[in-house]
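The values are calculated or read from the model by the stated rules, or taken from the named source; none is laboratory data. Keep in mind that what you see is a predicted model, and the values were worked out from it rather than measured. A quick note on method: Cβ atoms are made from the backbone with ideal geometry, for glycine too, and the neighbour counts reach across all protein chains shown. These accessible areas exclude ligands, DNA and RNA; they are computed on the full protein's heavy atoms, side chains included. Shrake-Rupley method; radii C 1.70, N 1.55, O 1.52, S 1.80 Å.
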Amino acid sequence: MKLPYKVATLLYCFNERDEVLLLERAQEPNRGFWSPCGGKVHIDEGESPYACACREANEELGLQIVPTDLHLTGVVSEHAYGGQVHWLMFLFEVKPRLKECPPKHREGTFRFFPREQVPSLHIPPTDREIIWPCIWKHRGGFFAAHWHCHPDGRNDWMLEESRPTKRA
């Protein structure tokens, strides 16, 4: 199926207590859901995923970081998401620990959560069932996953690469 590709970054930020920072989204996609912050790569300007992650950290968190402050934890591709677009998402852990919760932003409201609370939050089902378990297992490592979104709402997924860490 020929569809346009969109490229995005997600930022997994933690505080000194190892709680994860999530955004209760005020905008689509996933309005009303808790998710990591991030945004679309400006591919028409030649922006790299690392440059996008640094830009988004500044815009949404007020955090000045450079590419070496990031660890690429995962790459997720989605075929025909919503029948509208293919997605390629770069999932970065931000290495510097946040000392305080960022203020409310036009994208939504931020809050820190302990790991064990994340599954009970209002998050997309694929995040709960697949993405978060992969994030926890691969912090400091790497994974690549692919989703094939079918018109009937069924999703098939495959873990294409997995280099977990022992800290999971």
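Quick look at the values:
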{"quantity": "Qualifying position, being touching a residue at least 12 places away in the same chain (Cβ under 8 Å), open to solvent by less than 20 Å² (accessible area, probe 1.4 Å) and closer than 26 Å to residue 4 by Cα, among 83, 74", "calculated": "74"}
{"quantity": "Residue, most open to solvent (accessible area, probe 1.4 Å), within segment 1-28, restricted to residues that are over 17 Å from residue 109 (Cβ atoms) and not in a strand (DSSP E or B)", "calculated": "2"}
{"quantity": "Evaluation of residue 111 against (1) farther than 21 Å from residue 7 by Cα; (2) surrounded by 16 or more Cβ atoms within 10 Å (Cβ to Cβ) (one fails), failing number", "calculated": "(2)"}
{"quantity": "Selection status of residue 66, closer than 23 Å to residue 141 by Cα, surrounded by 16 or more Cβ atoms within 10 Å (Cβ to Cβ) and β-branched (Val, Ile, Thr)", "calculated": "no"}
{"quantity": "Contacts under 9 angstrom Cβ, first residue in segment 137-160 being in contact (Cβ under 8 Å) with a residue 24 or more places away in the chain, partner hydrophobic (A, V, I, L, M, F, W, C) and open to solvent by 90 Å² or more (accessible area, probe 1.4 Å), 6 or more apart", "calculated": "145/157; 145/158; 146/157; 146/158; 147/157; 147/158; 148/157; 148/158"}
{"quantity": "Test: residue in segment 41-59 that is open to solvent by less than 20 Å² (accessible area, probe 1.4 Å), farther than 20 Å from residue 163 by Cα and either touching a helix residue (DSSP H, G or I) at 6+ places or on another chain (Cβ under 6 Å) or not in a helix (DSSP H, G or I) (or both)", "calculated": "yes"}
